[in-house]
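The values are calculated or read from the model by the stated rules, or taken from the named source; none is laboratory data. This one's a predicted model, so the numbers in the text were calculated from it and none came from an experiment. Here the Cβ positions follow ideal geometry from the backbone for every residue, glycine too, while neighbour counts run over all protein chains shown. The protein model used for the area step is the full one, side chains on, heavy atoms only, and it has no ligands, DNA or RNA in it. Shrake-Rupley method; radii C 1.70, N 1.55, O 1.52, S 1.80 Å.
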Amino acid sequence: MQVNLPEKRYYGIGELAKAFDVNASLIRFWDKEFDEINPKKNAKGDRMFRPDDVKVLQMIYHLVKERGFTLEGAKIHLKEGKKKTLDNFEIISKLEGIKNQLLEMKKGL
């Protein structure tokens, strides 16, 4: 899944929910369930997600929503093979980006 977010240091939960096309409550739930997500909280208690957190959210979204993993299965998969999963996920993301660029070029012909 390609997430179109501007280059920033921190993202609000609303921005992420819109980018992933899910409810903010799901992002909040994943934050509680997965130790790999560590957003900072401001004085009001609002979660502020860093780009690293967004990458983890993308991996969770990919595993749960696209590949059909259960939450427990996704947790195990992330803990056991985080480096391998991250490498594979980054390759898939780059390939999807290239595919989208090629499709745009095809439309322009």
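How do the pairs read when you match residues in the stretch 59-71 that are of a type in the set (Ser, Thr, Tyr) with residues anywhere that are surrounded by 14 or more Cβ atoms within 10 Å (Cβ to Cβ), using Cβ under 7 Å and keeping only pairs 6 or more apart or on different chains?
So the pair list comes out as 61/1; 61/20.
Name the residues in the stretch 1-21 that are farther than 16 Å from residue 56 by Cβ and small (Gly, Ala, Ser), would you?
The answer is 12, 14.
Within the stretch 30-42, identify whether any single residue is in contact (Cβ under 8 Å) with a residue 60 or more places away in the chain, at negative phi and assigned to a helix (DSSP H, G or I), and answer yes or no.
no
Of all residues in the stretch 42-70, how many are surrounded by fewer than 16 Cβ atoms within 10 Å (Cβ to Cβ) and more than 20 Å from residue 6 (Cα to Cα)?
So the count comes out to 9.
Those residues that are closer than 21 Å to residue 70 by Cα and open to solvent by 40 Å² or more (accessible area, probe 1.4 Å), I need them from the stretch 2-25; list them, please.
21, 23, 25 - these are the residues of the stretch 2-25 that are closer than 21 Å to residue 70 by Cα and open to solvent by 40 Å² or more (accessible area, probe 1.4 Å).
Kindly list, by first and then second residue, each pair from a residue in the stretch 1-18 that is part of a loop (DSSP other than H, G, I, E, B) to a residue that is of a type in the set (Lys, Arg) and modelled with pLDDT of 80 or more, limited to pairs with Cβ atoms under 9 Å and residues at least 6 apart or on different chains.
1/65; 9/50; 10/40; 10/50
Examine the stretch 97-105 for a residue that is out of contact with any Lys or Arg (no Cβ under 6 Å at 6 or more places or on another chain), in a loop (DSSP other than H, G, I, E, B) and surrounded by fewer than 11 Cβ atoms within 10 Å (Cβ to Cβ), and state whether such a residue exists.
No; the residues of the stretch 97-105 include none that is out of contact with any Lys or Arg (no Cβ under 6 Å at 6 or more places or on another chain), in a loop (DSSP other than H, G, I, E, B) and surrounded by fewer than 11 Cβ atoms within 10 Å (Cβ to Cβ).
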